Amino acid sequence: MRDPSEWVEVDVPDLRIVDADLARRVDAELERRSRPVDAAGTASRRRGRHLLSGLIICGACGSRFTIVGRDYYRCARNRERGTCANTASIRRSVVEEAALSALQDRLLTPEFAKLFADEFNREVRRLVATRQDRDADLRARLSELDAEIGNLTTHFLKGVVSDALTALLADREAERARVVAQLRGGEAADEPRILPHPTLVKRFEAKVARLREALTEEGTREEAAAVIRELITSVTIVPQEAGVSADVEASAGRLIDFATQDRRAPSRAPSSSLAVVAGTGFEPVTFRL
């Protein structure tokens with residue numbers, strides 16, 4: 001494969017599936033829908049007032065749960081249109097405690113952390129093997145270039161000079177410089193590593209515990225809540241025969257990133273495409289509300 005520096009990119013607007021104006025309008029609508037929803041069902045540009053603002057989803061119809069009165073969440077579609085059968089009203093403190101408990105104790109379990117570490121290390125080994133194969137090809141090409149440059153230089157020493165030979169020599173020398181740079185870049189690259197999974201879990205639990213403490217302090221509550229909203233993807237309220245249950249979902253990449261990094265807030269770019277739901281893949285966990 002060619003190095004990205006050699007790629008030639010050309011716009012081909014005729015191959016668009018949708019026109020640019022429609023794409024812009026769709027992006028604007030997706031951004032609007034991603035904002036927290038207030039009690040009136042309208043998108044708000046302000047940061048969510050509550051810990052789980054914009055994250056609670058109705059398991060019956062898929063719409064958002066919004067605050068009713070001072071302290072309860074309820075399905076917006078049921079409340080405003082009556083088109084959803086989920087009539088549950090959930091106290092805010094109850095669903096927040098369930099989500100925090102799931103985040104601290106159930107999502108990044110030792111089993112999941114080990115699974116993540118195993119997959120991470122397997123992918124690292126694959127990338128290292130790919131890089132080694134690429135480097136072998138680059139070294140072989142470097143030998144060919146050295147031989148070609150040597151032959152061209154011999155022609156010049158014999159007085160055989162032409163525009164074509166001059167251009168060919170310049171081309172080979174430029175390619176040789178690129179190959180050498182690629183080989184040096186590969187040698188300088190550090191092999192990615194991940195913390196052993198027991199350490200990872202302990203660090204994660206300790207950091208989430210500090211976040212929960214920060215939620216009780218007026219000066220740090222808003223920042224701690226913002227970090228938690230980054231870690232939790234959604235909380236789905238599922239109607240049951242007796243009451244309701246809450247399924248808490250998170251981005252595995254963000255959980256691992258939060259546990260690994262020293263910075264307070266997790267990266268917005270997930271380091272993994274894996275997703276984890278409390279109870280999924282391991283011992284089932286149900287939070288009765």
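Listed values, structure above:
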quantity	calculated
The range 66-78, residues that are surrounded by fewer than 18 Cβ atoms within 10 Å (Cβ to Cβ), without any contact (Cβ under 8 Å) to a residue 24 or more places away in the chain and at negative phi	ARG70, ASP71, TYR72
Any hit, the range 82-93, residues being crowded, with 16+ Cβ neighbours inside 10 Å, hydrophobic (A, V, I, L, M, F, W, C) and assigned to a helix (DSSP H, G or I)	no
Selection from the range 151-166 of residues that are surrounded by 10 or more Cβ atoms within 10 Å (Cβ to Cβ) and assigned to a helix (DSSP H, G or I)	ASN151, LEU152, THR153, THR154, HIS155, PHE156, LEU165, THR166
Residue under evaluation PHE204, criteria (1) loosely packed, with under 13 Cβ neighbours inside 10 Å; (2) modelled with pLDDT of 75 or more, criterion not met	(1)
From the options GLY62, GLY41, GLY82, residue that is in contact with a helix residue (DSSP H, G or I) (Cβ under 9 Å, 6 or more places away or on another chain), modelled with pLDDT of 85 or more and not polar (S, T, N, Q)	GLY62
Identity of the residue in the range 210-262, among the polar types (S, T, N, Q), out of contact with any strand residue (DSSP E or B) (no Cβ under 9 Å at 6 or more places or on another chain) and over 14 Å from GLU97 (Cα atoms), that ends up surrounded by the most Cβ atoms within 10 Å (Cβ to Cβ)	THR260
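One line per residue, one yes/no per condition, for (1) farther than 22 Å from ASN121 by Cβ; (2) outside any helix (DSSP H, G or I); (3) at pLDDT 80 or above:
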| residue | (1), (2), (3) |
| --- | --- |
| ARG178 | yes, no, yes |
| GLY186 | no, no, no |
| LEU195 | no, yes, no |
| ILE237 | yes, yes, yes |
| ASP247 | yes, yes, yes |
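The values are calculated or read from the model by the stated rules, or taken from the named source; none is laboratory data. Please read all numbers here as calculations on a predicted model, not as lab measurements. As a convention, Cβ positions derive from the backbone with ideal geometry for all residues, glycine included, and neighbour counts pool all protein chains shown.
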